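What follows is one structure encoded as structure tokens, with my remarks underneath.
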Amino acid sequence: MMNVVCNIDTLEPGTVTQNETAVADVKLSDAEIMRRVRDIRSSWSVSERCARREEAERRFENLLETIFAEAA
């Protein structure tokens, strides 16, 4: 059984954004975010999709290893 500890302080949004041109007042709906993601993904080639999938799987495995290592 795995126990998860949630630190609320780390979940609070910070003042630093990844996009320097982002305006703090902009609120995007889930539908708008999904539309933008679909637009970006549609421009990827098959090989890029495969590479991104492999990278995501590698990162997920690393995440699980880190979580279980900290829990032990």
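The values are calculated or read from the model by the stated rules, or taken from the named source; none is laboratory data. Everything quoted here is computed from the prediction, not taken from an experiment. Please note: Cβ atoms are built from the backbone with ideal geometry, for glycine as well, and neighbour counts cover all protein chains shown.
Data overview
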{"item": "Residue that is modelled with the lowest pLDDT, among those in the stretch 27-47 that are part of a loop (DSSP other than H, G, I, E, B) and not basic (Lys, Arg)", "result": "Leu28"}
{"item": "Test: residue in the stretch 11-26 that is in a helix (DSSP H, G or I) and at pLDDT below 95", "result": "yes"}
{"item": "Pairs, first exposed (fewer than 10 other Cβ atoms within 10 Å of the Cβ) in the stretch 25-40, second polar (S, T, N, Q) and in a helix (DSSP H, G or I), C-beta under 8 Å, six or more apart", "result": "none"}
